[in-house]
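All remarks here apply to the structure that follows.
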Amino acid sequence: MTIHQTGLRRATRIAALGVSEILAIGARATQRQREGHDVIILGAGEPDFDTPEHVKDAAARAMAAGQTKYTALDGSPKLKQAIVRKFQRDNGLTYEANQIIVSAGAKQVLGNALLATLDEGDEVIIPTPYWTSYADMVAIAGGTPVLVPCSQDNGFRLDAAQLEAAITPKTRWLLLNSPSNPTGAAYSAEQYRPLLEVLLAHPQVWLLVDDIYEHILYDGLTFATPAQVEPRLAGRILTVNGLSKAYAMTGWRIGYGAGPRELIEAMAVVQSQSTSCASSIGQAAAIEALDGPQEHIGQRRAIFQRRRDAVVAALNAIPGLSCRTPEGAFYVYPSCAGVIGRTAPDGSKIASDADYCAYLLNHANVAVVPGSVFGLAPFFRVSYAASDEQLTKALLRIAKATQELV
Ligand code: PLP
């Protein structure tokens, strides 16, 4: 059957939005691959490891035992208990089951929270560079993203004066992500403290904390989360986490949030009219992931750290690029300020980070994401969730192509 143009009028709330630019770049890269080019894509937002076997086995057992029906809307009681134990064990935080919600990924937790709380024009402060989905999710929920640029000189972290200046009577949330996608920057407890002091003085502002990269933190640093650092704020903090990154479970779609009961209940209202519950099989697997052996986390972290060090060193050896050593996640966010204004062998000018990334794709067959997508230019994001072999090859290509710019 041929389907003709329908003349669809998109809802205003999404009219200005597209699918993620990162996906669009990935699509251009795979198109080049189809055309026969050997393109290396360093854009992945997911570990290149597989889900641990014991977790897959738990899912298989759950299916065999008939756990294939809807679960409780806000998560199976057993998974919620595993999450309660996780917060106690890893973060020293005590939650009741009714302060926890399980959703189809951390992304749905964030979306639920924004849809449950934002009215038209309510503001959400988002430090940039930021994970691109944040601003679009705020917009879909009717809110206004307030982007606050955080410089590399401050480790891409928001400072207290910037936060104070960004708060207005319309501010509902501050959204923090540590370690960060795209910069890998993380806040220590000491670095969080001045920001939390500011929030204590503004009771209308709540804090949305995205801890999804909690376990991917290097150099023996201690992970900090605001509800633990400033218990006086815990009554207006939603701590979001999930299984995707630490347990290599992106496709299982399990995330969770912990916060005050009133908020969790409001989020459950939203979820009840979208996905109902997260997958029953995914939830069974998540129990095993959280309660079972955790050694793989440290082993994988060591591999990521070794890759981080190699990638940072290789990038810093390329004239025109400079790369800060990130504390966590599996991304680096080098500056390409030194190549802006140069000319490519075909005579075209590199006027922006987007031009530089397009040049790397077309000339060196390496796909990376321009910083302009994440709200801070001229930078680019490199994901090192890729094999050592691919990384080595890609970095040699980036070096050669960058040296050919005059
Ligand atoms: N938060 C950040 C900062 C991310 O980078 C991602 C995935 O890329 C997510 C949340 C989404 O996680 P989930 O797979 O649990 O929805």
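Please treat every number below as a calculation from the coordinates, not as lab data. As the structure is a computational prediction, the values presented were derived from the model and not from experiment. Every residue, glycine among them, receives a Cβ derived from its backbone with ideal geometry; neighbour counts consider all protein chains shown.
Miscellaneous remarks
- Fluctuation leader among Ala135, Ala385, Ala64 - the chain, Gaussian network, Cα springs under 10 angstrom: Ala64
- Helical content of the chain, expressed as a calculated mean residue ellipticity at 222 nm, amounts to -12500 deg cm²/dmol (DSSP H runs of 4 or more residues, -39,500 (n - 2.57) each, divided by residue number, nearest 500).
- Beta bridge orientation in the chain: antiparallel %, DSSP, nearest 5: 45 percent
- Dipole-positive endmost among Ile398, Ala377, Trp252 within the chain (Cβ charges, Cα centre): Trp252
- Between Ser276 and Gln299, the FRET efficiency estimated from the beta carbon spacing at R0 = 45 angstrom works out to 0.80.
- Reachable lysines, given that their alpha-carbon falls under 24 Å from the alpha-carbon of Lys86 and they are not under 8 places away in the same chain: Lys56, Lys78, Lys107, Lys245
- Over every Cα atom in the stretch 254-358, the radius of gyration and the widest Cα-Cα span, Dmax, amount to 22.2, 60 Å.
- Cross-link partners of Lys400 among lysines (Cα-Cα below 28 Å; sequence separation of 8 or more within a chain): Lys349
- Prolate/oblate/rounded label for the stretch 1-148 (Cα gyration tensor, a/c 1.5): oblate
- For the stretch 242-314 and the stretch 356-384, distance of Cα centres in Å: 27 Å
- Between the Cα long axis of helix 53-64 and the first principal axis of the chain there is an angle of about 50°, rounded to the nearest 10.
- Share, in percent, of DSSP beta bridges within the stretch 172-276 that are antiparallel, nearest 5: 30 percent
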